[in-house]
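Data first, discussion second: the structure below is written as structure tokens.
The values are calculated or read from the model by the stated rules, or taken from the named source; none is laboratory data. Every value quoted in this text rests on a predicted model; they were computed, and no experiment measured them. Heads up, the Cβs are rebuilt from the backbone with ideal geometry, glycines too, and the neighbour counts pull from every protein chain shown. To get the accessible areas, we keep the full protein, side chains included, count just its heavy atoms, and leave off ligands, DNA and RNA. Shrake-Rupley method; radii C 1.70, N 1.55, O 1.52, S 1.80 Å.
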Amino acid sequence: MHDINRIIVVDLLYLGDLIFAYPFFEELRKNYPEARIDLVANSKFAEIVRENDNIDHVYSFNKEWPAARSFSFVRKLKKNNYHLGLNIHGNWRTALLLKLIAPDYSAGYGGKGRGVFLDKELKTADNKHMTEVYLDFLKDIGCNISGQEIVPVINFADKTDQIEKNLYSKLKEKNLSFGKDYIVLNTGGSWPTKQWPEEYFAQLADMIISAGRDVLFVGGPGDVERVKKIIDLMKFKADNICGQTSLLELAFVLKKSQLLISGDTGPVHVAAAAGTDTITIFGPSDEVKYQPKGTGKHCIITNNKLKCRPCGEHQCPLEHHKCMVDISPEIIFNELKNRGMIK
């Protein structure tokens, strides 16, 4: 495909999936260095991708919009007259969006009849990390891929000073600072089955603090109540900025921290892309496809004794949730000891 000057990519998936697509955009840019490359992203997470140098414009799409607002959004994008449209999400909503944006040529993940909306229908590969799956997408549409492993890297561009200033004000109000060498805990999860038990997080936090380290809780607005319950279960005092940062501010906090402990959810992938070490507790999701990728050191904790995982289910089909409840706080604490972070 030549003479392509305007490209639109559609991806309304979660935060982690957007982070995994960073190498995709880097290689897409190498193949089309002069093209305008735009992205339609979930409005909840669009802020962080706006700092990606390989994307020219990020359009925020809110899944809660009524039909009239959605069609108005599509009409606006259609006027850009895209030469190439790429659907790396692959559900009915994104298939219809791309069809209505009407690029000259479209390619994307199909299945379940969605291929009728595409000029080229692609299939996702199993047993590969999502960064590799997205790069295979580019290969399948004729792009050249460098062959070297590319990990997601968040670039704060020229916003570092402003982010620091905003964070300084927020942290000062809570008598916090970047000076502490935090071990950060992210307790949320997009599915109930991805969430490590609240009492386990409380026990682990107490163990870390009693060993002389500082603990900081982070998360989005939807995690505030959960973090409050965890802190109420604790014996010691931990710092908490859950629900009080933008995505870019959260990325900056994680970049300044030593380690993040989390389940398989968006912030752990942000931390990895910011260059921070991670310990990730995997339950129902597949660590082969979704483990954090970044320049730091990343440890995966799973219950390897179970044959039922990864099931990929939002509720435990067997109603025992052993993939998470059998991973004790002591297991995570011992990993910290092994790393020399706890004496």
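Of all residues in the range 310-321 being open to solvent by less than 80 Å² (accessible area, probe 1.4 Å) and over 22 Å from the mean Cα position of the chain (by Cα), which is farthest from THR193 (Cα to Cα)?
Going through the qualifying residues, I end up with HIS320.
Within the range 1-20, if we keep just the residues that are hydrophobic (A, V, I, L, M, F, W, C) and outside any loop (DSSP other than H, G, I, E, B), the residue that is surrounded by the most Cβ atoms within 10 Å (Cβ to Cβ) turns out to be ILE19.
With respect to the conditions (1) outside any helix (DSSP H, G or I); (2) free of Cβ contacts under 8 Å to residues at least 40 places away in the same chain; (3) open to solvent by 30 Å² or more (accessible area, probe 1.4 Å); (4) among the small types (Gly, Ala, Ser), GLY142 lacks only one, and its number is (2).
Condition first: outside any helix (DSSP H, G or I), touching a residue at least 40 places away in the same chain (Cβ under 8 Å), under 22 Å from ALA46 (Cα atoms) and hydrophobic (A, V, I, L, M, F, W, C). Can you find one or more residues in the range 268-290 that meet it? The answer is yes; a qualifying residue exists.
Before we move on, is GLU199 charged (D, E, K, R), within 19 Å of LEU18 (Cβ to Cβ) and in contact with a helix residue (DSSP H, G or I) (Cβ under 8 Å, 6 or more places away or on another chain)? In short, no.
Assess whether LEU122 counts as being free of Cβ contacts under 8 Å to residues at least 60 places away in the same chain, surrounded by 15 or more Cβ atoms within 10 Å (Cβ to Cβ) and either among the charged types (D, E, K, R) or farther than 21 Å from LYS30 by Cα (or both). Criteria met by LEU122. Screening GLU51 against (1) assigned to a loop (DSSP other than H, G, I, E, B); (2) over 23 Å from ALA273 (Cα atoms); (3) open to solvent by less than 30 Å² (accessible area, probe 1.4 Å); (4) touching a residue at least 40 places away in the same chain (Cβ under 8 Å) leaves a single unmet condition, (2). Return yes or no: is ARG114 surrounded by 16 or more Cβ atoms within 10 Å (Cβ to Cβ), closer than 19 Å to PHE156 by Cα and modelled with pLDDT under 95? Answer is no for this residue.
Select, from ARG309, ARG339, the only residue that is in contact with a Gly (Cβ under 9 Å, 6 or more places away or on another chain) and more than 25 Å from ASN52 (Cα to Cα). Explain how you work it out, then say what you get.
Details: ARG339 fails: in contact with a Gly (Cβ under 9 Å, 6 or more places away or on another chain).
Criteria check complete, one pass: ARG309.
Listed here are the residues, each with its yes/no results for (1) aliphatic (A, V, I, L, M); (2) modelled with pLDDT of 95 or more.
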residue: PHE201; (1), (2): no, yes
residue: LEU204; (1), (2): yes, yes
residue: MET207; (1), (2): yes, yes
residue: PHE217; (1), (2): no, yes
residue: GLY222; (1), (2): no, no
residue: PHE236; (1), (2): no, yes
residue: GLY243; (1), (2): no, no
residue: SER246; (1), (2): no, no
residue: ALA251; (1), (2): yes, no
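Mind listing whichever residues of the range 283-293 are open to solvent by less than 40 Å² (accessible area, probe 1.4 Å), out of contact with any strand residue (DSSP E or B) (no Cβ under 6 Å at 6 or more places or on another chain) and not polar (S, T, N, Q)? If the condition is that a residue be open to solvent by less than 40 Å² (accessible area, probe 1.4 Å), out of contact with any strand residue (DSSP E or B) (no Cβ under 6 Å at 6 or more places or on another chain) and not polar (S, T, N, Q), then GLY283, PRO284, ASP286 are the ones that fit.
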